[in-house]
Amino acid sequence: MNKENPTQIDLEALKRKDKTAFAQVLDQNSEKIYRLALKMVGNVQDAEDILQETFIKAFNNIHKFEGRSKVSTWLYRIAVNESLMVLRKRKDHVTEIDAEIEKDDGDVIPRQIIDWCCLPEKELMSSEARIHIKKAINHLSEANRATFLLRDVEGLSTRETAETLDISESAVKVRLMRARMQLREALTGFYSERLTRENA
Amino acid sequence: MTHEHKFYCKDMVKNLNAYIDGELDNALCGEIEEHINSCSNCQVVVNTLKKTIQIYQSDGRETKLPPEVRKRLYASLDLDDYVTKD
């Protein structure tokens, strides 16, 4: 552990495969990686496998980590790749993170203009709503989902997200916009029905 | 989105992300706010978009690492002695 800043990872200790340093990395990052994996693949068993595989790969390859980015960014990167591997086994087509972004920007034009923000919190986060929230994110392309999760849920900056996914910052912005607008449309479809019920 | 400032609404969509993320300069930000105040459609889009992001953030915050998954993770790395949280 770094004595001057206890939250800072001691890279030299990690490279010596010091167990205390490894445990510190786990303490600081395991929940984040689990959350990302779970939201990427949508099931707890696969998320746990991705979590373990991410740390096993990270620790086995620690000599390759040059310390130019944060350890967490490196871990997120491994976790995204592991998640994509799981998804490839499940379905025929997975949008690669660095795939060319489709020119059609129809997905970013708002279609439904209904204000559902006034719904009470218990409606917004009801068990039925949660199923829909999960379904909506699973409908995003893998590349847009990873971008949205890193940027908006994990709170990485545009630059950190670009570094993690190995794409340009402008590609992050385009993917993020599409993801946000598609999710907004999906949630609007669901909540507007609730709104009609409330007002009936 | 159809109303008399049709072009500006399109412009709004183009700058939506940057506006929500607070990445616009003061002048453009001010213009957008002025537009939102006079365009109820854009106001709805901005509000529901912000709310959508908040919903996913709050759903994310509620996702905790289950203690048994944590234990198995530490065990898989031969770090059983270091499990600190239950």
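Couple of notes before you dig in:
- Residue in segment A:151-162 that is buried (at least 16 other Cβ atoms within 10 Å of the Cβ), of a type in the set (A, V, I, L, M, F, W, C), more than 19 Å from B:GLN54 (Cα to Cα) and more than 16 Å from the chain's Cα centre (by Cα) present: no
- Here segment A:164-175 is the region considered, the condition is being buried (at least 21 other Cβ atoms within 10 Å of the Cβ) and not hydrophobic (A, V, I, L, M, F, W, C), and the residue that is nearest to the chain's Cα centre (by Cα) is A:THR164.
- On the stretch given as segment A:141-150, residues that are of a type outside the set (Asp, Glu) and touching a Leu at 6+ places or on another chain (Cβ under 7 Å) total 5.
- Total residues in segment A:39-75 satisfying the condition of being open to solvent by 30 Å² or more (accessible area, probe 1.4 Å), at the interface with another protein chain (Cβ under 10 Å from one of its Cβ atoms) and of a type in the set (A, V, I, L, M, F, W, C): the figure is 2.
- Tabulated pairs, segment A:23-50, first touching a residue at least 24 places away in the same chain (Cβ under 8 Å) and not assigned by TED's automatic domain parsing to the domain that holds A:GLU142, second among the acidic types (Asp, Glu) and in a helix (DSSP H, G or I), C-beta under 7 angstrom, 6+ apart or interchain: A:ILE50/A:GLU82
- B:ILE36 open to solvent by less than 40 Å² (accessible area, probe 1.4 Å) and facing chain A (nearest Cβ under 9 Å): no
- Which listed residue, of A:ILE133, A:ILE113, is over 28 Å from A:PHE55 (Cα atoms), open to solvent by 40 Å² or more (accessible area, probe 1.4 Å) and not charged (D, E, K, R): A:ILE113
- Flag for A:ASP27 being surrounded by 15 or more Cβ atoms within 10 Å (Cβ to Cβ) and away from chain B (no Cβ under 12 Å): no
- Meeting the requirement of 1 or more residues that are of a type in the set (Ser, Thr, Tyr), the helices (runs of 4 or more DSSP H) wholly within segment A:93-189 are A:127-138, A:142-148, A:158-165.
- Residues in segment B:16-29 that are open to solvent by 20 Å² or more (accessible area, probe 1.4 Å) and either at pLDDT below 90 or hydrophobic (A, V, I, L, M, F, W, C) (or both): B:ALA18, B:ILE20, B:LEU24, B:ALA27, B:LEU28, B:CYS29.
- Among the residues listed as A:GLU128, A:GLU193, A:GLU100, A:GLU123, the single one being among the charged types (D, E, K, R) and touching a residue at least 40 places away in the same chain (Cβ under 8 Å): A:GLU123
- Neighbours by Cβ (under 7 Å, 6+ apart or cross-chain): first from segment B:59-79, closer than 10 Å to A:GLU31 by Cα; second in a loop (DSSP other than H, G, I, E, B) and open to solvent by 30 Å² or more (accessible area, probe 1.4 Å): B:ARG70/B:VAL83; B:ARG70/B:LYS85
- Some residue of segment A:112-127 being among the charged types (D, E, K, R) and either under 30 Å from A:ALA21 (Cα atoms) or within 20 Å of the chain's Cα centre (by Cα) (or both): no
- Looking only at residues in segment B:55-76 that are open to solvent by 30 Å² or more (accessible area, probe 1.4 Å) and over 30 Å from the mean Cα position of the chain (by Cα), the one that is farthest from the other protein chains (Cβ to nearest Cβ) is B:LYS71.
The values are calculated or read from the model by the stated rules, or taken from the named source; none is laboratory data. Worth saying up front: this structure is predicted, and the values here are computed from it rather than measured. Methodologically, a virtual Cβ is constructed for each residue, glycine included, from the backbone with ideal geometry; neighbour enumeration extends over all protein chains shown. These area figures cover heavy atoms from the full protein model, side chains too; ligands, DNA and RNA do not enter into them. Shrake-Rupley method; radii C 1.70, N 1.55, O 1.52, S 1.80 Å.
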